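**Student:** Let me begin by handing over the structure; questions about it come next.
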Amino acid sequence: MVVTADGGWRRGNEVKLKAAVDEALKATASVKSCIVVRRTGTPVHMQAGRDHWWHELMASVKPECPAAELDSEHPLYILYTSGTTGKPKGILHTTAGYLLQTHLTTKWIFDIKDEDVYWCTADIGW
């Protein structure tokens, strides 16, 4: 599954994200679903059976989602980076490892308390 948006904004210009995903999916038969968030409102091609609008999917879900018990080494996400080689490499983060490091960073580095408000933003490259 791929989650993307119809487009995004970079220096005042629209970046057509869904079109880029469509092009990549031509060579990626293993992806069965594409969820699209409406951000720019630009019309995009939606492939029947594969592509789904986020807002339509969310209209029928319950607001509560109980946590699932998982093994600490269960995959949480894969982050792809090309580094300096230009060849994509996947970095697997596990459930407990990532969550523990996030907790420790906010506790020991940022000294975040329950009453604090934390805001983090990053540029498009992150």
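The values are calculated or read from the model by the stated rules, or taken from the named source; none is laboratory data. Quick caveat, the model's predicted, so the values are computed rather than measured. Here Cβ is always computed from backbone atoms with ideal geometry, including for glycine, and neighbour counts include all displayed protein chains. In case anyone asks, the SASA skips ligands and DNA or RNA and just uses the protein heavy atoms, side chains included. Shrake-Rupley method; radii C 1.70, N 1.55, O 1.52, S 1.80 Å.
**Student:** Can you say what percent of the DSSP beta bridges in segment 15-120, counting only those with both residues inside, are antiparallel? Round to 5.
**Tutor:** 65 percent
**Student:** For segment 56-73, in order, what is each residue's ³J(HN,Hα) by Karplus, 6.51 cos²θ - 1.76 cosθ + 1.60 with θ = phi - 60°, in whole Hz (x at glycine and Pro)?
**Tutor:** Taking θ as phi minus 60°, the curve returns 6, 5, 6, 5, 10, 9, 7, x, 9, 9, x, 5, 8, 7, 10, 5, 4, 9 Hz for segment 56-73.
**Student:** Measure off, as a whole percent, the carbon and sulfur share of the 1.4 Å-probe accessible area of segment 1-43, all protein chains present.
**Tutor:** Exposed carbon and sulfur together represent 55 percent of the surface.
**Student:** Using modelled amide H (1.01 Å from N, peptide plane; none on Pro or chain starts), what sits under 5 Å from the amide H of residue 2, excluding residues fewer than 5 places away?
**Tutor:** Placed amide hydrogens put 33, 34, 35 under 5 Å from residue 2.
**Student:** In addition: What whole-number value in Å² describes the accessible area per residue of the chain for a 1.4 Å probe? Spell out each step's value before the answer.
**Tutor:** Numbers: 10390 Å² over 126 residues.
Result: 82 Å² per residue.
**Student:** With semi-axes √(5λ) of the Cα gyration tensor in Å as the read-out, I listed (i) 29, 20, 19; (ii) 26, 15, 13; (iii) 61, 25, 17; which label goes with the value calculated from this structure?
**Tutor:** Identified label for the calculated read-out: (i).
**Student:** Here's another thing I want to ask about it. Per-residue counts of other Cβ atoms within 10 Å, averaged by peptide: what ranking do you get for 112-121, 44-53, highest first? Let's see the in-between values first.
**Tutor:** Numbers: 112-121: 6.9, 44-53: 12.9.
Put in order of decreasing packing, that is 44-53, 112-121.
**Student:** Give me the percent of the accessible area of segment 79-126 that comes from carbon and sulfur atoms, probe 1.4 Å, all protein chains in place. Walk me through the numbers on the way to the answer.
**Tutor:** Numbers: 2770 of 4440 Å².
The computed percentage sits at 62.
**Student:** Could you give the angle, 0 to 90 degrees to the nearest 10, between helix 95-104's Cα long axis and the longest principal axis of the Cα atoms of the chain?
**Tutor:** Taking the Cα atoms of the chain, the angle to 95-104 is about 60 degrees.
**Student:** Taking the Cα centre of the chain as origin, sum charge times position over the Cβ atoms of Lys and Arg (+1) and Asp and Glu (-1), and report the length of that vector in debye to the nearest 20.
**Tutor:** Values: 14 positive and 15 negative charges, 138 e Å.
Computed about the Cα centre, the dipole is about 660 debye.
**Student:** At R0 = 35 Å, how high is the FRET efficiency between residue 13 and residue 60 if r is their beta carbon distance? Nearest 0.05 is fine.
**Tutor:** Values: r = 34 Å, r/R0 = 0.99.
FRET efficiency, residue 13 to residue 60: 0.50.
**Student:** A further question on this structure: Put a dot 7 Å past each Cα toward the Cβ at residue 30 and residue 70; how far apart are the dots in nm?
**Tutor:** 1.7 nm
**Student:** Could you pull out every residue, at least 5 positions away or on a different chain, whose amide H is within less than 5 Å of the one on residue 40? Hs are placed 1.01 Å off N in the peptide plane, and Pro or chain starts have none.
**Tutor:** The list, which skips near neighbours in sequence, is 6, 7.
**Student:** Calculate, for residue 104 and residue 79, the FRET efficiency according to 1/(1 + (r/R0)^6) with r their C-beta to C-beta distance and R0 25 Å; round to the nearest 0.05. Write out the running numbers ahead of the final one.
**Tutor:** Working: r = 19 Å, r/R0 = 0.76.
The value I calculate is 0.85.
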